[in-house]
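Visitor: Questions regarding the structure given below will be posed in turn.
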Amino acid sequence: MTSRSRMRFFGIDLAFSSKNPSGLCVLDERGALMNADYLRSDEEIVGFIEQEADPIGNVIVVDAPLICVNETGQRPCEKLVGRLYGKYHASCHSSNIRNMAGQRGPMLVSAVQERFPVTVQHDARNTSADMWPMIETYPHPAHIELFKLSRIFKYKKGRVGDKREGLMQYTTALKELQSQKPPLQIGTIPFLDQDIYSLKGKGLKRQEDLLDAVFCAYTAAHLWHHRRDTSCWRTIKTDSSPDFITVPLLSQ
């Protein structure tokens, strides 16, 4: 076994408040699920990473703002996402240092950096045992790119029936990643076979968060496997602000 086969790819669908659970997932080098969980506090999330991380190298992708310096309104990268993907219904919530949307991610970054050699960066090109990239993504525009959608999956808001239908479409798309490079080993992910139409309330929300965590973990694997090919990702940012959102692009 080569050292490269021991890479780990983490996905975190981070709730804006630790009062609510966050979805977590980790994939191995083959794209197989190693573990998934539903945790609340930063300490629990750090513990999950510590349990599953490998000394060779790790990539962590988070669905939440990791850098936020604006006092009000939206971050510049969020405004840019709206201009690029608004026609697909993929605009962002407003994150700033006065709301929890802009506070939780930087707090998690600090907690993780106290224990691990993590650096917030745009891509996975410099991954090593001494440098673990922590990258912000946003699933909606990433879905548009990887799945070639004409509009986002509608699984976040609306009537229960509509959210179930959106989650079914999302699940089907995730299963199609088994034929991509890198592949997602869908046979190792039991909750991809969950009966969506039997879920409601907290069960439906848990399924949504776990699917987003899987997608973030797959994004981590994608960014690492294609780290030398800059046509396989897009970093959305402005020159005037450090905040950014990186989305994977379909490999040719």
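The values are calculated or read from the model by the stated rules, or taken from the named source; none is laboratory data. These numbers come from a predicted model, not from an experiment. FYI the Cβ positions are ideal-geometry reconstructions off the backbone, even for glycines, and counts take in every protein chain you see.
Visitor: Give the residue, chosen from 141, 133, 106, 117, that is at pLDDT 95 or above, more than 15 Å from residue 24 (Cβ to Cβ), exposed (fewer than 15 other Cβ atoms within 10 Å of the Cβ) and not aliphatic (A, V, I, L, M).
Guide: Result of the check over 141, 133, 106, 117: 117.
Visitor: Within the range 150-184, work out how many residues are polar (S, T, N, Q) and either more than 19 Å from the chain's Cα centre (by Cα) or within 15 Å of residue 213 (Cα to Cα) (or both).
Guide: Residues in the range 150-184 being polar (S, T, N, Q) and either more than 19 Å from the chain's Cα centre (by Cα) or within 15 Å of residue 213 (Cα to Cα) (or both): 3 in total.
Visitor: Okay, moving on. Regarding residue 229, is this residue among the acidic types (Asp, Glu), closer than 23 Å to residue 28 by Cβ and surrounded by 19 or more Cβ atoms within 10 Å (Cβ to Cβ)?
Guide: Here the answer is no, as residue 229 does not meet what is asked.
Visitor: Mind checking whether some residue in the range 1-12 is in contact with a Lys or Arg (Cβ under 7 Å, 6 or more places away or on another chain) and crowded, with 19+ Cβ neighbours inside 10 Å?
Guide: no
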